[in-house]
Amino acid sequence: MREHMWRATGVACVLALSASTAWAGSLEGTSTITLSGNDYTLKTWVVGDDLDGINPDYELQPEGMTFRPGNGTLYVAGDRDDDETDGHLVVDVPGASGDLSTPTAILMADRPDDLGKKVGPEGLAINTSGAGYGAGLSDVVFSETKRTEIAGVTDVAGGPPAPVSDLVNTSFEWDGLCYVSSLDMFCAIEEHSGDISKAQYYTHTATTLSPFGDPFVVSDQGKGVTALDGYIASGLLGMEITDDQVLAVAAKPASVAVGNRLGLFATDGTPLGEFDLDPYVAEFAEIECIAVDEDSKILYLGDEETGRIYAIHDVPEPTTLALAAFGALGMLAGRRRR
């Protein structure tokens, strides 16, 4: 049995929105998405108005997302502009059903290096190790690309506003961010020249992040990233994955011919497979972020352009049927060596 490096966390203090349904996330519809020949339930949540209870001029266009195991909290971020999130994180506790209908919000403090300017994260991550960078029980690690590229930590139980600290300047724009527990490192999706997206690992201390090893190319226009348990990846791909964790990279359209994609990579950068999402969900516009609730087996995809979160339910454990279905949709995949 695989041991998870998770630990229980305290419930974050949040600024509750009104109970009015006009301010809540709404379930737009339930459909089916097919991956590796297997059908999964897909729920579409409209979240663009999740901040209406604070200011009806605000709009949530998901760009960063992460899930905190233990207390089951989904954090969603968008741009910091005053007609978007204006420095707020949207918070849901979806439960096993993946319900996003009762959002709350946390106001983050202004950037200490850019006074008067809000934080609008492109990437969010939870350090579950209990030590190092952003390891507090109510800490959320973020990356932002406005004006200057930084990473930082916000204590969502502090304030309001939630304190922002431990800023680290980054050499590239970090479009996505996650914590990889099997490596005890953070992984950033960096935007390089020519819209090439590369994954770069970072070791960490309580106040620093340091690049580790060489970056490796992931999907063109890769944006969001999350670490995914190997057994879930095995079921999705229809092939045996022996790694404890893999990287799941969400990519928005790179050209007219290349649409929204979900790519899976071994932690050493070996490509494992890539799904073309557009044939199955016509509404996908620009997938920018990704998070996973492994206990409830729900994969969340955030669409910046449409202000929606798509929840893929019952992502699988590997089965003989799933393994036999490998390649059924013409998915590109390569077997991970043992």
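Could you tell me whether E173 is charged (D, E, K, R), under 18 Å from R111 (Cβ atoms) and modelled with pLDDT under 95?
Considered against the rule, which asks whether it is charged (D, E, K, R), under 18 Å from R111 (Cβ atoms) and modelled with pLDDT under 95, E173 comes out as yes.
Restricting attention to segment 247-296 and to residues that are of a type in the set (S, T, N, Q) and at pLDDT 90 or above, the residue that is surrounded by the fewest Cβ atoms within 10 Å (Cβ to Cβ) turns out to be T270. The sole residue among T128, T154 that is touching a Pro at 6+ places or on another chain (Cβ under 9 Å) and crowded, with 24+ Cβ neighbours inside 10 Å is T154.
Could you list, in sequence order, all residues of segment 264-289 that are outside any strand (DSSP E or B) and either of a type outside the set (S, T, Y) or within 19 Å of the chain's Cα centre (by Cα) (or both)?
Let us first name the residues in segment 264-289 that are outside any strand (DSSP E or B), namely 267-270, 277-286.
Selection gives T267, D268, G269, L277, D278, P279, V281, A282, E283, F284, A285, E286.
Scanning segment 174-198 for residues being surrounded by 17 or more Cβ atoms within 10 Å (Cβ to Cβ) and under 23 Å from F67 (Cβ atoms) gives a total of 15. Within segment 50-92, being charged (D, E, K, R), touching a residue at least 40 places away in the same chain (Cβ under 8 Å) and in a loop (DSSP other than H, G, I, E, B) holds for D50, E59, E63, D79, R80. In segment 144-155, the residues that are over 18 Å from M65 (Cβ atoms) form Cβ pairs under 6 Å with partners that are hydroxyl-bearing (S, T, Y) and surrounded by fewer than 22 Cβ atoms within 10 Å (Cβ to Cβ), at six or more places apart or across chains, as follows: E149/T170; D155/S138.
Checking P215, P253 one by one, the residue that is under 14 Å from S197 (Cα atoms), free of Cβ contacts under 8 Å to residues at least 60 places away in the same chain and in a loop (DSSP other than H, G, I, E, B) is P253 and no other.
The values are calculated or read from the model by the stated rules, or taken from the named source; none is laboratory data. These numbers were taken from a predicted model, which means no experiment stands behind them. Cβ: placed from backbone, ideal geometry, glycine included. Neighbour counts: every protein chain shown.
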